[in-house]
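Written out below as structure tokens is the structure these notes cover.
The values are calculated or read from the model by the stated rules, or taken from the named source; none is laboratory data. Remember, predicted model here, so these are calculated numbers, not experimental data. So basically every Cβ, Gly included, is an ideal-geometry build from the backbone, and we count neighbours across all protein chains shown. For accessibility, only protein heavy atoms count, side chains too; no ligands or nucleic acids. Shrake-Rupley method; radii C 1.70, N 1.55, O 1.52, S 1.80 Å.
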Amino acid sequence: MKRIISAFMFLLLMAGCNTSAESSSYRQITMEDAAVLMETEEDYIILDVRTAEEYKEKHIPHAINIPNETIGTEEISELPDKEKLILVYCRSGNRSKQASRKLVNLGYTNIVEFGGINDWTGETVSGVQ
């Protein structure tokens, strides 16, 4: 019950933050809030912006890997829907913030940055998936 109430409160907060200024930025949330979103949302992408080697070593299940260094000014074929919820993480939180800013500059409107896998307490997988 506590998890349902937390998820409801989080969604209300997110809905209240949807202003025109918000569309030119990204949101930052905690790992706990990211885990709640992953449990309650259905249509989202988990984006790992570390190197391919780091991703292969360990990543969040179902995450796709697009290294921060490859995100520039070109369209990203793996992310065709610019309004889709994209949850971004890296190793410690630095590259995910950089990548989130780049994605916003490319026109993505629903970017949520949640730090680094170093703080992730949920499930992880190894190898390419």
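Based on C-alpha pairs under 8 angstrom that are at least 6 apart in sequence, region 24-129 has a relative contact order of 38 percent. Solvent-accessible surface of region 63-129, taken per residue with a 1.4 Å probe and all protein chains present: 51 Å².
A straight Cα-to-Cα reach below 20 Å connects residue 56 with the aspartates and glutamates 48, 69, 78, 119, 123, residues fewer than 8 places away in its own chain not being considered. Distance between the pseudo-spin-label points of residue 119 and residue 81 (7 Å out from Cα toward the beta carbon): 2.8 nm.
Taking all protein chains together, 92, 100 sort by accessible area into 92, 100, largest first [probe 1.4 Å].
If a spin label sat at a point 7 angstrom from the Cα of residue 98 along the line to its beta carbon, the backbone N atoms of region 66-89 nearer than 12 Å would be those of 67-72. Determine the sum of side-chain charges near residue 114: Lys and Arg each +1, Asp and Glu each -1, restricted to other residues whose C-beta is under 10 angstrom from that of residue 114. So the surrounding residues net to -3.
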